[in-house]
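Comments concern the structure below.
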Amino acid sequence: MSIVKPDEMNFSNKNIVLLIEGKHGVGKTTLALSSKRPLLIDVESGVDRVDAYYRKDTLVCDTWEQLLNDLETSDLSNYDTLVIDTLGSAIDLMTPYLIAQNPKYKQDTSNQLSMKGWGAVKVELKNLIKVCRDKKKDLIIITHCKADKDGETTIYVPDIGGSMKDDIFNDIDLACFMETIGNKRTINFTPTDRFSAKGNHGIVGIYEVKNLENHEANDTIAELFKSYREELQQEVVENKKYNELMTLYTDKIIACKTITDLNTTLEAILKATHIYSSKEELGTRLNAKAKDLGAKYDKTTKSYLKQ
């Protein structure tokens, strides 16, 4: 086991898991294929609906066993992103595989999944995500949505069964809801009262999706993932600067023995380039030290004076 300090962490090559949710026909698959060097895992047999110019290499699987075997044995070195299209169809493909493993995963009166079966689905999806991370691949999961009602509000939820529609958000980094507003297609990473979403590390709010007229570059997700990694790594750099700043001036505060020392340290803190709440935190620590030395900050002279 190796312990890594926060300012030593490197996320520049982090693998990202994204969920794209939206109505049928809004362009989810084409959007997913705007990722970097994607391989489409077409469990819904819908690649024909993608404009021929924007189609990418596609893995077609008839069974879940075949999918797992292909992911394990195929040479994936030419791909940076795996795209599951769609989650609902993947679960349908997975269902007979799971029931064959354990009959208790099946409801008594049908071939539908039992509660234990849905638990097994969650485990299987976690394993799939782990496989992608182990292979250093980004993963995009596409899901259709269905309308539901919450009082008078129409809400949209992933079109999958069990509690998966909520649990899926626990295992992903980003989730966006795709829809058409006016004549523009958009993706939204900020949750609303109409749909769930998930954004972080600078990827938040609404983004307009290219209309892809005249065969322009399809690179929306590739650029978003690049921005995500850059922001994540920048946060590491800023955290390192913050920790160094706090350590430097906390040591100076501790070393103060006189009121002159307090004012010298105050001047240095005020001239420093601060990060996050470092200025306020250091001010609180300096005031506490001043109290120990029998001094107090005077707003008129903007310095510490003896009480």
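The values are calculated or read from the model by the stated rules, or taken from the named source; none is laboratory data. These numbers come from a predicted model, not from an experiment. Neighbour counts run over all protein chains shown; Cβ positions are idealised from the backbone, glycine included. Just the protein is used for accessible areas: all its heavy atoms, side chains included, with ligands, DNA and RNA removed. Shrake-Rupley method; radii C 1.70, N 1.55, O 1.52, S 1.80 Å.
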Taking into account only those residues within region 14-30 that are in a loop (DSSP other than H, G, I, E, B) and within 14 Å of the chain's Cα centre (by Cα), which is nearest to G88 (Cα to Cα)? I16
Residue check, A52 against (1) open to solvent by 20 Å² or more (accessible area, probe 1.4 Å); (2) touching a residue at least 12 places away in the same chain (Cβ under 8 Å), all met but one. Which one? (2)
Selection status of E244, among the acidic types (D, E), under 30 Å from D80 (Cβ atoms), within 30 Å of the chain's Cα centre (by Cα) and open to solvent by 50 Å² or more (accessible area, probe 1.4 Å): no
Can you tell me how many residues within region 282-301 are in a helix (DSSP H, G or I) and touching a residue at least 12 places away in the same chain (Cβ under 8 Å)? 6
Working only within region 107-117, note down all residues that are open to solvent by 50 Å² or more (accessible area, probe 1.4 Å) and at pLDDT below 90. Q107, D108, T109, N111, Q112, M115
Would you be able to say whether some residue in region 166-173 is of a type in the set (D, E, K, R), under 28 Å from I91 (Cα atoms) and part of a strand (DSSP E or B)? no
Please list, ordered by first then second residue, the pairs with beta carbon atoms under 7 Å, 6 or more apart or interchain, first in region 217-232 and within 14 Å of F189 (Cα to Cα) and crowded, with 19+ Cβ neighbours inside 10 Å, second of a type in the set (D, E, K, R) and modelled with pLDDT of 95 or more. F225/K36; F225/D138
Which residues, taken from region 1-27, are touching a strand residue (DSSP E or B) at 6+ places or on another chain (Cβ under 8 Å) and either open to solvent by 80 Å² or more (accessible area, probe 1.4 Å) or not polar (S, T, N, Q) (or both)? I16, V17, L18, L19, I20, E21, G22, K23, H24, V26, G27
Out of curiosity, is N263 under 22 Å from the mean Cα position of the chain (by Cα), over 30 Å from L33 (Cβ atoms), crowded, with 16+ Cβ neighbours inside 10 Å and not small (G, A, S)? no
